[in-house]
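Visitor: One structure coming up, written as structure tokens, with questions to follow.
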Amino acid sequence: MSDSVNNKTQINSANPENWFASWFDSPYYHILYKERNYREAQLFMDNLTHYLNLPEKAKVLDLACGKGRHSIYLNQLGFDVIGADLSENSIKEAQRNSNKTLHFQVHDMREVFEDKFDAIFNLFTSFGYFENDEDNLTTLKAIKASLTEYGFAVIDFMNVTNVLNTLVPEEIKTVDAIDFHIKRYLKDGHICKEIDFEDQGQKYHFTEKVKALTLKDFEQMMEESGIFLLDIFGDYKLKKFHKTESERLIMIFK
């Protein structure tokens, strides 16, 4: 690895178990993914909150909220929202939008909240980043323990079968005049994405790793966590889940 690689990258490679802490805290993460379809995301939340029939002013947790864009929208829908994320930089930026019914805090999703929520949303594949499989189970248990007696939780994950069938092994994506060289592959049960780029004469290298969890894997973990899986959808319009064709794996549970 080049000597010009920055400290964040060195942390990433030196401590692979915490790679997400450095990459998600990096400004380049937000540059690379700035073109995500947020209107589609808002329609998803419209559909989701309508389906769950959440009471007015329900307490909602946006778990792994990033810079809080979706927390803000949920708050605009009339809910009392907490956005939580491991990234201190993201939370610092999100807190600019705080109000009396919208708060943000740094939080590790493996830990149970003191507050109890009517709904907990873990959206847009924000699960499965831990190196240790036990941490995924711990996270599910923490979500369950943070719900009210009548609360619901939602995990919106990629549909691994569809992702692997349509995987683009290599591409160059140019955003804000930065050429991101991206490689994707399956290794040791993880879908990996290597990201290399150069900015202002500095070379960077990050690797994303997401556990290739299938519906069967989630069902097994949920059973072990005492979780009841209520419904499964395959896209943001809440259409029926299809094992090979659906783009998303959206699970409603309590």
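The values are calculated or read from the model by the stated rules, or taken from the named source; none is laboratory data. This structure is a prediction, so every number in the text was calculated from the model and none was measured. Every residue, glycine among them, receives a Cβ derived from its backbone with ideal geometry; neighbour counts consider all protein chains shown.
Visitor: Can you tell me which of (1) at pLDDT below 95; (2) under 30 Å from residue 52 (Cβ atoms); (3) not charged (D, E, K, R) is the one residue 201 doesn't meet?
Guide: Checking residue 201 against (1) at pLDDT below 95; (2) under 30 Å from residue 52 (Cβ atoms); (3) not charged (D, E, K, R), the one that fails is (2).
Visitor: Which condition number in (1) surrounded by 15 or more Cβ atoms within 10 Å (Cβ to Cβ); (2) touching a Lys or Arg at 6+ places or on another chain (Cβ under 6 Å); (3) at pLDDT 95 or above is the one that residue 191 fails?
Guide: Every condition holds for residue 191 apart from (2).
Visitor: Let me ask something else. Which one of 243, 216, 237, 203 is in a strand (DSSP E or B) and of a type outside the set (A, V, I, L, M, F, W, C)? So that I can check it myself, show each step before the final result.
Guide: On the way: 243 fails: in a strand (DSSP E or B); 216 fails: in a strand (DSSP E or B); 237 fails: in a strand (DSSP E or B).
Answer to the selection: 203.
Visitor: Just to be sure before I move on: is residue 239 basic (Lys, Arg), assigned by TED's automatic domain parsing to the domain that holds residue 166 and farther than 22 Å from residue 136 by Cα in the structure I sent?
Guide: No; evaluated as a whole, the condition is false for this residue.
Visitor: May I ask you to say which residue of 149, 131 is within 30 Å of residue 81 (Cα to Cα), in the same structural domain as residue 235 (by TED's automatic domain parsing) and more than 18 Å from the chain's Cα centre (by Cα)?
Guide: Testing whether each residue is within 30 Å of residue 81 (Cα to Cα), in the same structural domain as residue 235 (by TED's automatic domain parsing) and more than 18 Å from the chain's Cα centre (by Cα) leaves just 149.
Visitor: Scan region 99-109 and give yes if some residue there is charged (D, E, K, R), assigned by TED's automatic domain parsing to the domain that holds residue 139 and under 25 Å from residue 236 (Cβ atoms), otherwise no.
Guide: Taking every residue of region 99-109 in turn, none turns out to be charged (D, E, K, R), assigned by TED's automatic domain parsing to the domain that holds residue 139 and under 25 Å from residue 236 (Cβ atoms).
Matching residues to (1) in contact with a Gly (Cβ under 6 Å, 6 or more places away or on another chain); (2) farther than 20 Å from residue 232 by Cα:
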| position | (1), (2) |
| --- | --- |
| 41 | no, no |
| 55 | no, yes |
| 62 | yes, no |
| 66 | no, yes |
| 75 | no, yes |
| 82 | no, yes |
| 89 | no, yes |
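Visitor: Name the residue that is farthest from the chain's Cα centre (by Cα), counting only residues in region 199-225 that are farther than 15 Å from residue 251 by Cα and surrounded by fewer than 14 Cβ atoms within 10 Å (Cβ to Cβ).
Guide: The qualifying residue farthest from the chain's Cα centre (by Cα) is 201.
Visitor: Can I ask one more? Does residue 129 meet the test of being free of Cβ contacts under 8 Å to residues at least 40 places away in the same chain and of a type outside the set (Val, Ile, Thr)?
Guide: no
Visitor: Here is a further query. Yes or no: residue 230 part of a strand (DSSP E or B) and under 30 Å from residue 196 (Cα atoms)?
Guide: Numbers: part of a strand (DSSP E or B): yes; under 30 Å from residue 196 (Cα atoms): no.
Judged against the criteria, residue 230 is not a match.
Visitor: Residues 24, 79, 20: which one is at pLDDT below 75 and in contact with a Ser or Thr (Cβ under 8 Å, 6 or more places away or on another chain)?
Guide: None of the other options fit; the residue is 24.
Visitor: With respect to residue 61, is the statement that it is in contact with a strand residue (DSSP E or B) (Cβ under 7 Å, 6 or more places away or on another chain), buried (at least 16 other Cβ atoms within 10 Å of the Cβ) and either modelled with pLDDT under 95 or outside any helix (DSSP H, G or I) (or both) true? Show your work before the answer.
Guide: Numbers: in contact with a strand residue (DSSP E or B) (Cβ under 7 Å, 6 or more places away or on another chain): yes; buried (at least 16 other Cβ atoms within 10 Å of the Cβ): yes; either modelled with pLDDT under 95 or outside any helix (DSSP H, G or I) (or both): yes.
Yes: the conditions hold for residue 61.
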